[in-house]
Structure formats: C-alpha cells, structure tokens
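So the structure is just underneath, and the comments pick up after that.
Laboratory data are not the source of any read-out in this text; all were calculated from the coordinates shown. Keep in mind that what you see is a predicted model, and the values were worked out from it rather than measured. As a convention, Cβ positions derive from the backbone with ideal geometry for all residues, glycine included, and neighbour counts pool all protein chains shown.
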Amino acid sequence: MINEKFYELEKEKQDKIINAAIEVFAKNDYKNVVTEEITYKAEISKGLLFYYFKNKKICIYF
C-alpha cells in the first residue's frame with residue numbers, strides 16, 4: 001500500500017524516490033536491498049520512506 005501523501009509530492013521528488021529504489025533493486029536481490037541506500041540516494045529519511053511505502057516490497061511493484 002502506498003500512502004496517498006506520496007502522490008501529493010512534486011513529480012520531481014516522486015521520481016527521485018522511485019529512481020533511487022529502481023537503482024538499488026537493480027543492483028541487489030530483494031534480501032540484500034538496504035533501505036538506507038534508497039533513502040540516501042533519494043535524499044529522504046528512512047522514516048519518510050516507510051511513511052510513503054508500507055515496506056520495501058511495495059517499492060518493487062511501483
């Protein structure tokens with residue numbers, strides 16, 4: 001489940017988060033994906049990532 005607040009972000013910020021997740025998942029299998037790497041690349045906090053996305057599995061399907 002994706003929090004509706006994610007869709008209220010500027011398109012640029014949405015893209016930055018999605019592209020960071022895509023980049024990290026492309027380099028690693030699911031077990032080895034570290035959410036801190038996604039948040040670092042997206043320039044957001046870990047708490048904010050999980051505010052927008054229930055878990056890292058959701059990022060895969062987005």
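Residue separation of N55 and D15 scaled by 0.36 nm, minus their Cα-Cα distance, works out to 12.6 nm of gained length. For the pair N3 and Y40, label points projected 7 Å from Cα toward Cβ lie 2.3 nm apart.
Among the GluC sites (Glu not before Pro) in region 1-44, those placed in a DSSP loop whose Cβ has at most 14 other Cβ atoms within 10 Å are E10, E43. Quick one: helix 11-27 against the long Cα principal axis of the chain, what's the angle to the nearest 10°, folded into 0 to 90? Helix 11-27 sits at roughly 10 degrees to that axis. Note on region 4-61: Rg/Rh from Cα positions, Kirkwood definition for Rh, rounded to two decimals, is 0.93.
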